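What follows is a single structure, written as structure tokens, with notes after it.
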Amino acid sequence: MALPNAEPELFRELSALLTEQNNPATWDIDLADTEQILRLINAEDSKVAAAVGRELPFIAQAVEAIVDAFRRGGRLFYVGAGTSGRLGILDAAECPPTFGTPPELVQAIIAGGEAAVFRAQEGAEDRREDGAAEIARRGVGAADVVCGIAASARTPFVVGALQEAAARSATTILVTTNPRAHVQTMEVARYARILICPEVGPEVIAGSTRMKSGTAQKMVLNMLTTAAMIRLGKTYHNIMVDLQPTNAKLRERAKRILMMLTGTDYATAERTLQHANWNTKLALLMLLSGLPADAARQLLERAGGVVRKALHLLHS
């Protein structure tokens, strides 16, 4: 039986993606010794930060949208498949212990569900309707932000989620590592309001987007949540003061934070945390202002949870 001459549309689509191209710099990597292989990988990795840096204006737009959503009571949803989905899960999972946020504030959706976190679920990313269904199931609305993560910019699960989110008037973002000019010609550009496109070039191993693409995606997600949390007063100077001391290590870290920021001693830091019911930010304001817990709590509420603003209100 003769094979058809026409190339399938998916084949042509993938062939046009920069992330699927061969990297001339690593063509003979299979002939290299171990240290040479590592040098080649390292040389390619060194290009990632600069690629992310060129996208800072668009990342800033996304951060502003996220901050606005959080202030309006909205949520941030990451949506991805495979490596991209796992990176979203990692960033979402770190927000509660680092910044003291409720688990529902930043959520991650991965194609294939929980099982896909640990083992690839073949075919899950191809079900566009599943992405849309997840957005509907979580009641996404106009106050929310949905951030799709897809190196290729074409993952059906992610496209379906963004389409449904846009239909629900949510703010939509896409993080991809293909060139902006190409992504703007793709269907997903109709649904993603903000495009973040760090152009990292072909991978060390052609098509292995868990490498440079994954690194770039992780850097962008770090920026999105960290910058948003800073804007919301989750740090004082460059110290995280909204962390939840939920274990012995974090309780000691909370004491050290108070000692570092106020110059108090260990015993006073511990006693103040106990009086603040282990609320690090409240304990910090108590020490900086001299106020008891209840008064400091009321002042912090008036300041929207921002320590610097609370101190300004106290002194003014």
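The values are calculated or read from the model by the stated rules, or taken from the named source; none is laboratory data. All values reported here derive from a predicted model rather than from experimental measurement. Note that we place each Cβ from the backbone using ideal geometry, even for glycine, and neighbour counts take in every protein chain shown.
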Among (1) of a type in the set (Ser, Thr, Tyr); (2) assigned to a loop (DSSP other than H, G, I, E, B); (3) within 18 Å of the chain's Cα centre (by Cα) - the single one Ser169 does not satisfy: (3)
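Can you spot a residue in the stretch 118-126 that is in contact (Cβ under 8 Å) with a residue 24 or more places away in the chain and on the phi > 0 side of the Ramachandran plot? So that I can check it myself, show each step before the final result.
Just the residues of the stretch 118-126 that are in contact (Cβ under 8 Å) with a residue 24 or more places away in the chain, to begin with: 120, 124-126.
If we keep only those that are on the phi > 0 side of the Ramachandran plot as well, we get none.
Looking through the stretch 118-126, none of the residues is in contact (Cβ under 8 Å) with a residue 24 or more places away in the chain and on the phi > 0 side of the Ramachandran plot.
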Looking at Ala108 and the list (1) without any contact (Cβ under 8 Å) to a residue 40 or more places away in the chain; (2) more than 26 Å from Val200 (Cβ to Cβ), which single condition is not satisfied? (2)
Filter result for Thr225 (of a type in the set (Val, Ile, Thr), surrounded by 16 or more Cβ atoms within 10 Å (Cβ to Cβ) and touching a Cys at 6+ places or on another chain (Cβ under 7 Å)): yes
Long-range neighbours under 8 Å by Cβ, at least six apart or interchain, first residue among the β-branched types (Val, Ile, Thr) within the stretch 291-316, second part of a helix (DSSP H, G or I) and at pLDDT 95 or above: Val307/Lys281; Val307/Leu284; Val307/Leu285; Val307/Leu288; Val307/Leu300
For the structure I just gave you, tell me whether Ala150 is closer than 21 Å to Thr209 by Cα and either modelled with pLDDT of 95 or more or among the hydroxyl-bearing types (Ser, Thr, Tyr) (or both). yes
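For the condition among the aromatic types (Phe, Trp, Tyr), over 23 Å from Tyr236 (Cβ atoms), assigned by TED's automatic domain parsing to the domain that holds Thr225 and modelled with pLDDT of 95 or more, what is the one hit in Phe77, Phe70, Phe118?
Numbers: Phe70 fails: over 23 Å from Tyr236 (Cβ atoms); Phe118 fails: modelled with pLDDT of 95 or more.
Step by step, each of Phe77, Phe70, Phe118 is checked, and only Phe77 is among the aromatic types (Phe, Trp, Tyr), over 23 Å from Tyr236 (Cβ atoms), assigned by TED's automatic domain parsing to the domain that holds Thr225 and modelled with pLDDT of 95 or more.
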Could you list, in sequence order, the residues of the stretch 97-140 that are of a type outside the set (Asp, Glu), within 17 Å of Gly73 (Cα to Cα) and exposed (fewer than 13 other Cβ atoms within 10 Å of the Cβ)? Pro102, Pro103, Gly139
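Table: residues versus (1) in the same structural domain as Gly53 (by TED's automatic domain parsing); (2) more than 23 Å from Asp45 (Cβ to Cβ).
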{"residue": "Ala161", "(1), (2)": "yes, yes"}
{"residue": "Ala181", "(1), (2)": "yes, yes"}
{"residue": "Ile196", "(1), (2)": "yes, no"}
{"residue": "Pro245", "(1), (2)": "no, yes"}
{"residue": "Lys249", "(1), (2)": "no, yes"}
All but one of (1) more than 17 Å from the chain's Cα centre (by Cα); (2) of a type in the set (Asp, Glu); (3) surrounded by 12 or more Cβ atoms within 10 Å (Cβ to Cβ) hold for Glu94; state the number of the condition that does not hold. (1)
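Kindly indicate whether Ala296 is under 30 Å from Arg72 (Cα atoms), of a type in the set (Gly, Ala, Ser) and at pLDDT 95 or above. First the steps, then the outcome.
Numbers: under 30 Å from Arg72 (Cα atoms): yes; of a type in the set (Gly, Ala, Ser): yes; at pLDDT 95 or above: yes.
Spelling it out, Ala296 is indeed under 30 Å from Arg72 (Cα atoms), of a type in the set (Gly, Ala, Ser) and at pLDDT 95 or above.
Would you check if Gly148 is surrounded by 16 or more Cβ atoms within 10 Å (Cβ to Cβ) and over 30 Å from Asp28 (Cβ atoms)? Spell out the reasoning first.
Details: surrounded by 16 or more Cβ atoms within 10 Å (Cβ to Cβ): yes; over 30 Å from Asp28 (Cβ atoms): yes.
In short, yes.
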Please work out which residue is farthest from Leu224 (Cα to Cα), limiting yourself to the stretch 96-110 and to residues that are at pLDDT 95 or above and among the hydrophobic types (A, V, I, L, M, F, W, C). Ile110
Please enumerate the residues belonging to the stretch 242-290 that are under 20 Å from His315 (Cβ atoms), touching a residue at least 24 places away in the same chain (Cβ under 8 Å) and not β-branched (Val, Ile, Thr). Leu261, Lys281, Ala283, Leu284, Leu285, Leu287, Leu288, Ser289
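Please indicate, with yes or no, whether at least one residue in the stretch 199-221 is touching a His at 6+ places or on another chain (Cβ under 9 Å) and outside any loop (DSSP other than H, G, I, E, B).
To start, the set of residues in the stretch 199-221 that are touching a His at 6+ places or on another chain (Cβ under 9 Å) comprises none.
No, the conditions are met nowhere in the stretch 199-221.
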